[in-house]
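A short worksheet on the structure shown next.
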Amino acid sequence: MSTVPVRLNVNGVKHTLEVEPRLLLVHALRDKLALTGTHVGCDTSNCGACTVHLNGEAVKSCTMLAVQADGEEVTTIEGLGTEDDLHPVQEAFWNNHGLQCGYCTPGMIMAGAALLAENPDPSETEVRHALEGNLCRCTGYHNIVKSILDAAGRSSSEVSA
Amino acid sequence: MIPAEFHYTAPESLEDAIQALVDGGEDAKLLAGGHSLIPLMKLRLAAPSLLVDLRKVPGLHGIERQDGAFRVGALTPHRKLEFSPELGIVAKVAAVIADPQVRHRGTIGGSLAHGDSASDLPAAMLITEAEVTLQGPDGQRSVTAADLFLDYMTTAVGEQEVLTEIRLPALDGWGSSYHKFNRRSEDWAMVAACAVVKANGSTCEDVRIGLTNMAAVPLRATAAEDALRGQELSPENIAKAAELAAEGTDPPSDLNASTEYKKHLARVMARRAIADSLAA
Amino acid sequence: MSVAEQPSGNVGKVMRRKEDPPLITGKGRYVDDITLPGMLWASFVRSPEAHATITSIDTSAAAAREGITAVFTGADMTDVPAPLPMAWAPPGVQVNNPEHWALAKDAVKHVGDPVAVVIGEDRYAVQDAVEDVFVDYEPLPVVVDPEQAIAGEPFVHDSLGTNRVHEWSLAGGDVEAGFAEADVVVERRVVNHRIAGAPIECRGVIAEYRPGQLTLYSATQVPHFVRLFMALLLGIGEDRVRVIAPDVGGGFGQKLQVYGEELVACWASRRLGVPVKWTETRSENMSVAHQGRDQISRVRMGAKRDGTITAFHVKILADFGAYNMILTPLIPSLGAFVMGGCYKIPNVQTDIVGVFTNKCPTDAIRGAGRPEATQMIEVTLDQVAHELDMDPVEIRRRNFIPAEDFPAATATGVVYDSGNYDGTLDKLLEHVDVPAFRAEQEKLRSEGVYRGLGFCTWTEICGLAPSRVTGPAGVGVQAGLWESAMIRVHNTGAVTVYTGTSPHGQGLDTAFAQIVADKLGVDPAVVEVVHGDTAIGPEGRNTYGSRSLATGGEAVCKATDKVVEKVKQIVAAELEAAPEDIEVAGGKFSVKGSPDKGMALADVAGVAYIGAVPEGMEPGLEETNFYDPENFVFPFGAHACIVDVDAETGKVKVLRYVAVDDCGNPVNPLLIDGQIHGGVVHGIGQALYERVHYDADGQLVTGTFVDYALATAAELPNFETDRTITPSPVNSMGVKGVGEAGTIAASAAVTNAVIDALRPLGVDYINMPLTPMRVWEAINEGSAAS
Ligand SMILES: Cc1cc2nc3c(=O)[nH]c(=O)nc-3n(C[C@H](O)[C@H](O)[C@H](O)COP(=O)(O)OP(=O)(O)OC[C@H]3O[C@@H](n4cnc5c(N)ncnc54)[C@H](O)[C@@H]3O)c2cc1C
Ligand code: FES
Ligand code: FES
């Protein structure tokens, strides 16, 4: 089957790939660009482990063809912050035990960062709704919500910690 | 879980897109946000031979008010609708579609052309009495929402037609509300009811009620509407009218909801939607 | 957490995790992230039939496709001498154990059973080729309902002439005598429906065979068990097999398994001479990775008028699906060991019958047997309380094993290590003002709002070990369940801890570093914890059954203590003091009373590695310990849940969830709370959202995350956690496990809360899953009846 050229700006780096049109964006990132921080957790666009930013908006990269991102800017977890220069949401996940196995974490952090970019001072309910497309089996979400609120400079409404 | 192979083109004009559909034959499909089509392709429940991506076609975006109606471009994503409160019921409905990521990508045109019986926007189109514009090789036509949805995932949009825009009458002065019943907030509707109400003092001057997932196509709860129109908007009258919401429906049962339960939910959701429309 | 004071050492302190920096920056390394040179991909052809004979398999079209290297079927794997393992052989009990091959040989027994594997150049090519393998099936009769299956034909395995797997009982006292003494006897049919483990990372493997040497990367909780069975089944020396569990994206019991896909990948890599990778899809995971629960039980509880329980008898029919996996038939028995819960019940009996059906096999899923037991005890107890018109808190207090009784032997002879059940309940009631709640509940009911409060006071058995009890002569697990650790102090004083556990999200790197750092007087930052690689460190028994801290952590303690002993001797020699006068304080080993004269660990390591050690002492600073405890540990707690039920729609919303847990001495409170949160959601999930459902033809209806509903953040509240501390006498740290606690408690607390909410509507009892329609139906039936 024919391939098509795709130009992607990923984390500020320009790439030109020749790909099958059916190549999913998540596989372009993982298999072609070795950006394995973006995960796959389902077949049905439910889990959000694959969440990246497309021109600053959170999207599920398993439900996009790489060609649909042609000419666009993609930010992955690797581009959000680094060990020495963590994004506030990354830092907050670390401080608040917002992760256990870490598998949902890149998607959660990307969803959280996108929320804060849009709404820097969300309520707990708003945070919970912003995460409705992301599944975590480990944390029960408590500390994820707390992390995102913390990154926004707020503490969550819990009675005790 | 990946799509089967296909050819791909991203034409830069509406004419070229239509031509690509014509040339591609019956297995060619338009691609908008891809959030209905790609999931089906990943599960190999759909396997188009050619995808015609609309993303470079100009003029399919945006929301503008023209006189008594809004013109909404087909590629407008749900997220944009959600943050356009002037759209009334449509903004409220868009806000509860799936999750933020899906709302960023999924488009109103895609949702209406696709016609999934559980999707949220179609019923809202019915009660706003919207019209869509379809552009095909033989020109342009307009179809009312009432004529758009034919059967389960079957709409009046022809295989070689592009849904380009939606004309949404501005229901100035109407209250509106959407009650979607699902198990989790990211889920499709088990049953949902949307309502728009025009009150004159405490009297119901007009009311329209739409039902989601009560049939292969979205429905108007006309018996309930008729029962309330012209009546005092008292809780009792609303409840009485809502009791008629499932009249004539026979939704298929599934794992999570029997036919009876869905009909019950339709009545409850309709009552709540009407009642909340008065507040908003 | 209200335990406010921070301890002086690292143990007991809130510390953010050592394992997080790579995971929050996208630099984790899960199996699918790994690519080896020359690696091929595998994809499985799976049965769409629930039960059928395979009449033919045509692989030619798939094999002929571009990019496809090979297609193998069960007929190709004749050099594998034995079927997949089942490791439970209870003395004196017959367990029917049909052959279970990695690729089906002649017949398929459930939807998803693998019949062939396609191997080729990339992820996409192999998935395409799977569609070109043509299998002819001759359908056979299907049995899905366990009650029907136990009654007779059709049989899942004709050769057995029955669907019965085994019968197993554990009894203490005399239940019939107990019932005779009772003033009330309550009987319920308790259904504990089938759920999935559903780790967000599906399974995955990469097998790399190079002559005489096999390396397997697997998303597993049990690399050492996998190594053993790969060696046995492939005829390769165990020493030549290395299994690596890299970062693993959650397990929840589902990855406590030796899976056929692991074997097929290894076998194919050897056959083809190249690495072979398989990444499971979610749809596969939902249909073939082992599932859990699925019990239908007849539960009888007898009590005196004053609430004293006189007898508890449980008859469990456990649906095991189509095959026995590694521990399948053992799982319900784990519940039997704590069937009396935290109550002093003189007569307790559990009778278990296992049954095959044409469904995915079950095995351990978070809690494994204990959530089922707790559901039966706690929900039935509330039913008894209602029957006696007693307060649910009161009946619990009446029956608690008193704190002074510990260690406490139960009727069945299990000895609970420590407990203070009134203590956790007292603390819970500090958070939940029951009289205020009841007043509010009453008021809300008059407004049409149905609010309910449910309790669960529970204990469980975990820290899986001791071999003496769990092993072949005891319960019958064909392995010892001790744990190991090795501590290496490097030249610079940096420390590496090698643990035989295999954590996958629990945070053991941090917890173990805290423990070791205190003992060695170093910063936890310089203590690295290594696990999940059978080539490194001692033989291990891995992570499940809330065992890693109580068993693995204690091994770490003991190995470190050995290092400390040696350090003290070296320091004593250097400082010309007696070893028993050396203590660790302020980052130094020094003579008691003269803290400024001392040696840091790095200085000691210098001496040890230069070889300037006292006469007769070996150089180096490295010690190993194998620890096999004397007993299990028995964490406990008191949980309360408050729900609102929309009486019109039947939808349940959890408003508050309060968990007071006691897992002994806390090592890192942050990790404990995290385990509780996640565990509780697993239990709430089972009660309200999650359900594996097969239709009458054995087709899986809940095969994706669309239909298998994991709760999201939007459905859940924040959790309120607190704890009491009752150290375990079993290990030196006084710790107990906490990985399963939340799950064990939560489904019963939720169920009791929903029943409490619905009583005025005539609902006295309801089985999970408490989905909106089921609750709505119960309300309809309730109002019709009353
Ligand atoms: C996880 C998930 C959950 C979802 N939940 C909901 C939900 O709760 N409620 C809901 O309403 N929706 C839901 N959706 C669907 C979502 O709203 C889709 O985005 C929408 O239905 C389709 O829009 P699209 O732009 O993505 O269409 P596409 O997938 O691109 O196209 C869908 C179909 O319409 C055709 N088409 C698209 N655009 C046009 C056009 N302009 N003219 C003619 N034909 C066209 C395509 O050829 C295709 O056949 C969900 C989707 C996902 C992935
Ligand atoms: S992998 Fe994208 S939503 Fe699950
Ligand atoms: S941290 Fe494991 S799935 Fe979220």
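The values are calculated or read from the model by the stated rules, or taken from the named source; none is laboratory data. This structure is a prediction, so every number in the text was calculated from the model and none was measured. All Cβ positions, glycine included, derive from the backbone under ideal geometry; neighbour counts span all protein chains shown. Surface accessibility is based on the protein's heavy atoms, side chains included, excluding ligands, DNA and RNA. Shrake-Rupley method; radii C 1.70, N 1.55, O 1.52, S 1.80 Å.
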Per-residue ³J(HN,Hα) for segment C:764-770, Karplus 6.51 cos²θ - 1.76 cosθ + 1.60, θ = phi - 60°, Hz, x for Gly and Pro: 9, 7, 7, 8, 5, x, 8
Packing-based order for B:146-159, A:67-80, B:265-278, using average beta carbon neighbours within 10 Å, highest first: B:265-278, A:67-80, B:146-159
Dimensionless Rg ratio for segment B:7-53, taking C-alpha atoms and the 2.2 N^0.38 Å reference: 1.10
Inter-centroid distance (Cα atoms) of segment C:41-109 relative to segment B:249-280, Å: 47
Exercise: per-residue mean of other protein chain Cβ atoms within 10 Å, B:180-193: 5
Dipole of the protein assembly as shown, positive direction: furthest Cα of C:THR704, B:ALA223, C:GLY152, with charges on the beta-carbon: C:GLY152
For the protein assembly as shown: Kirkwood Rh in Å [reciprocal of mean 1/r, alpha carbons]: 31.9
Test item: A:46-54 mean partner chain Cβ contacts at 10 Å: 5
Rounded to 10°, Cα long-axis angle of helix A:105-118 versus longest principal axis of chain A: 80
Rounded to the nearest 10 Å², the accessible area of C:THR25 at probe 1.4 Å: 10
Span per principal axis, largest first, for the Cα atoms of segment A:4-80 (Å): 29, 26, 20
Selected from C:VAL604, B:ALA170, C:VAL530, residue furthest toward positive end of dipole (the protein assembly as shown; charges at beta carbon): C:VAL604
Lysines whose Cα lies under 29 Å from that of C:LYS304, excluding same-chain neighbours fewer than 8 positions away: C:LYS315, C:LYS344, C:LYS427
Relative contact order (%) - criterion: Cα under 8 Å, at least six apart; region: chain A: 23
Debye, to nearest 20: dipole size of the protein assembly as shown, +1 on Lys, Arg Cβ, -1 on Asp, Glu Cβ: 700
Binned Cα-Cα distances of segment A:88-155, short to long, each 10 Å bin given as a whole percent: 25, 63, 12
Chain B: Cα Rg divided by the 2.2 N^0.38 Å rule of thumb: 1.01
For segment B:63-168, the fraction of alpha-carbon pairs in successive 5 Å shells from zero, as %: 2, 14, 25, 28, 19, 10, 3, 0
Per-residue SASA entry for A:HIS15, accessible area with 1.4 Å probe, Å² rounded to 10: 50
Positive minus negative residues near C:ARG242 (Lys, Arg vs Asp, Glu; Cβ under 15 Å): -2
Mean-position separation - Cα centroids, segment C:366-384 and segment B:1-56, in angstrom: 52
Point-charge dipole on Cβ atoms (K/R +1, D/E -1) for segment C:664-786, about Cα centre, debye to 20: 360
Percentage relative contact order, segment B:175-277, counting C-alpha pairs under 8 Å, at least six apart: 31
Cα centre as origin, Lys/Arg/Asp/Glu Cβ charges: chain B dipole, Debye: 900
Two-decimal log10 I(q)/I(0) for chain C, as the Debye equation yields it once each C-alpha is a single scatterer, q = 0.04 Å⁻¹: -0.17
Protection-proxy order for peptides B:185-196, C:130-141, each taking the mean of Cβ atoms within 10 Å per residue, highest first: B:185-196, C:130-141
14 Å beta-carbon shell around C:ASP422, net charge (K/R +1, D/E -1): -1
Dipole of segment C:2-77, positive direction: furthest Cα of C:LEU36, C:VAL14, C:ALA63, with charges on the beta-carbon: C:VAL14
Probe 1.4 Å, all protein chains present, accessible-area order of B:SER253, C:SER467, B:SER49, largest first: B:SER253, B:SER49, C:SER467
Equivalent-ellipsoid semi-axes of segment A:46-86, from the Cα gyration tensor, Å, largest first: 20, 13, 7
Peptide-level mean, for A:64-70, of C-beta atoms on other protein chains within 10 Å: 5
Ordering of C:506-512, B:243-249 by packing [mean C-beta count within 10 Å, highest first]: C:506-512, B:243-249
Among the listed pairs C:LYS566/C:LYS588; C:LYS519/C:LYS558; C:LYS562/C:LYS597; B:LYS262/C:LYS443; A:LYS32/C:LYS255; A:LYS60/C:LYS255, those beyond 19 Å (Cα-Cα): C:LYS562/C:LYS597; B:LYS262/C:LYS443; A:LYS32/C:LYS255; A:LYS60/C:LYS255
